[in-house]
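Remarks on the structure that follows.
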Amino acid sequence: MRLDRQPGEVIDRDKLLRFHWNGRPCSAYAGDTIASALAAAGIRVFSRSLKYHRPRGLLTASFVDPGCLVQVDDEPNVRGAHRRVTEGMDVRAQNAWPSLGFDLKSVNNRFGRFLSAGFYYKTFMKPRSLWPAYERVLRRFAPGGRIDPGSGGARHVCPKRFAHPDVLVVGGGPAGIAAAVAAGRAGARVLLVEEEHELGGCLRWGGEADLAVLRELRSRLDATPGVEVLTDSAAVGRYDDNWVAVVRRSPPGAREHLIKARAQTLVVAPGLIERPYVFAGNDVPGVMLSTAVRRLVNLYAVKPGERAVVLTANDEGDAAVADLKRAGVDVAHVEDARLGGDVVRVLGRSGVRGVELAGGRRVACDLFVTAVGWTAPTSLLNMAGDLPGYDPDAARFRPDVER
């Protein structure tokens, strides 16, 4: 369900797009991701899990969402929570047969105790002559989309270019923008890389004060010479001497291309990734992180549910509660982990029907939101040997700035 206009929404309500989801016609606004458009249409299940074929829904509603890999036209394994809708796009669910709603392969979930990790490498070894037959059967159970060899693979050839900035900034949130502005004003040639479609990070789905800060940062960046901005781009590897591989896919429909960037100085400002909470049923569609809820409401004007329970341990969870109430969601219960509150399990299989609290109380809902902590994505630093150190106060790894 669509909400009224939001101050920070990224959709263009004057431009309606048509696409297909599993053969069914759907609509979206320009700026919608595949996942946000489907969520606005009331769809909760986007894919099936890799091995047991359990239903999967939105978790983060971002570039790193694990539950929304889809097939787009002839391209498999597309991040549906990140890829924007284009006119005429044909989107299909992966890893389900014969359909997403009725997946016969979900029988694996019934026999999970017998399907140990890598069992097929040990079970189907003899007689050796039958391995080709085994392989064809096992391949049908393997996850992922389908590649059509006759679809024109040349369209997916990845061109490349080279870049030699003085400063490479990875991450276009408030810290990354500030770093790019400071370097540019000092006379450096700057390359700013951001995986999202717009700069701003968490400011984009914040309130009016956050949006005002973002506008000020953007105006400073626009006025700074010597800064090249790459959005919808991911730094996927870091090698010796600040050699960084950047994969860019923008504008929508354009070819991916590789940028080999070698910088004198590398600034890593990826922000934080919200940490999921572990409990029974935490993979059921309708379990979302607080940032996912705030993205849906503030960026895409989508109502994420009708009745919600929120487990919060920080200010982001409190902000999510406020956003849910503003969106017209009935917040049935807020469990505050800072006061010792906890949730034992989620009720429901194909979707959230309720939650069971630590004291045994059950609360009916169709949306369960968690806000319990943050993880710093240090992988780009780790690739070149800059190992992080654990901060017990923050309960997460941080870059080791003393090395």
Can you tell me which of (1) under 17 Å from the mean Cα position of the chain (by Cα); (2) crowded, with 21+ Cβ neighbours inside 10 Å; (3) under 23 Å from residue 315 (Cα atoms); (4) not small (Gly, Ala, Ser) is the one residue 202 doesn't meet? (2)
If you go through the stretch 116-137, how many residues are of a type outside the set (Val, Ile, Thr), at pLDDT below 75 and either outside any loop (DSSP other than H, G, I, E, B) or closer than 18 Å to residue 106 by Cβ (or both)? 4
Got at least one residue in the stretch 193-200 being among the small types (Gly, Ala, Ser) and over 20 Å from residue 300 (Cβ atoms)? no
Going through (1) in contact (Cβ under 8 Å) with a residue 24 or more places away in the chain; (2) in contact with a Gly (Cβ under 9 Å, 6 or more places away or on another chain); (3) assigned to a loop (DSSP other than H, G, I, E, B) one by one, residue 400 fails only at (1)
The stretch 20-87: strands (runs of 3 or more DSSP E) wholly inside it with 2 or more residues that are in contact (Cβ under 8 Å) with a residue 40 or more places away in the chain and within 19 Å of residue 147 (Cβ to Cβ) are 69-72, 75-79
Complete set of residues in the stretch 21-42 that are under 26 Å from residue 202 (Cβ atoms) and crowded, with 19+ Cβ neighbours inside 10 Å: 28, 29, 31, 32, 33, 34, 35, 36, 37, 38, 39, 40
Kindly establish whether residue 184 is buried (at least 20 other Cβ atoms within 10 Å of the Cβ), modelled with pLDDT of 95 or more and either within 22 Å of residue 164 (Cα to Cα) or not assigned by the TED database to the domain that holds residue 238 (or both). yes
With exposed (fewer than 14 other Cβ atoms within 10 Å of the Cβ) and of a type in the set (A, V, I, L, M) as the only criterion, which of 332, 394, 376, 320 stands out? 394
Looking only at the stretch 232-282, count how many residues are over 21 Å from the mean Cα position of the chain (by Cα) and either buried (at least 17 other Cβ atoms within 10 Å of the Cβ) or of a type in the set (Gly, Ala, Ser) (or both). 8
Here is a list of conditions, (1) outside any helix (DSSP H, G or I); (2) touching a Gly at 6+ places or on another chain (Cβ under 9 Å); (3) at negative phi, and residue 202 meets all of them except one; can you say which number that is? (1)
Would you check if residue 194 is farther than 24 Å from residue 74 by Cα, modelled with pLDDT of 95 or more, under 18 Å from the mean Cα position of the chain (by Cα) and acidic (Asp, Glu)? yes
Between 192, 211, 203, 230, which is without any contact (Cβ under 8 Å) to a residue 40 or more places away in the chain, hydrophobic (A, V, I, L, M, F, W, C) and closer than 15 Å to residue 7 by Cα? 203
In the list 358, 313, which residue meets the criterion of being of a type outside the set (Val, Ile, Thr) and either free of Cβ contacts under 8 Å to residues at least 60 places away in the same chain or closer than 30 Å to residue 103 by Cα (or both)? 358
Out of 67, 80, I need the residue that is crowded, with 18+ Cβ neighbours inside 10 Å, under 15 Å from the mean Cα position of the chain (by Cα) and at pLDDT below 90. Which one? 67
Restricting the stretch 43-64 to residues that are touching a strand residue (DSSP E or B) at 6+ places or on another chain (Cβ under 8 Å) and aromatic (Phe, Trp, Tyr), the one surrounded by the fewest Cβ atoms within 10 Å (Cβ to Cβ) turns out to be 63
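The values are calculated or read from the model by the stated rules, or taken from the named source; none is laboratory data. Note that the structure is a prediction, hence the values are computed from the model and not measured. Neighbour counts run over all protein chains shown; Cβ positions are idealised from the backbone, glycine included.
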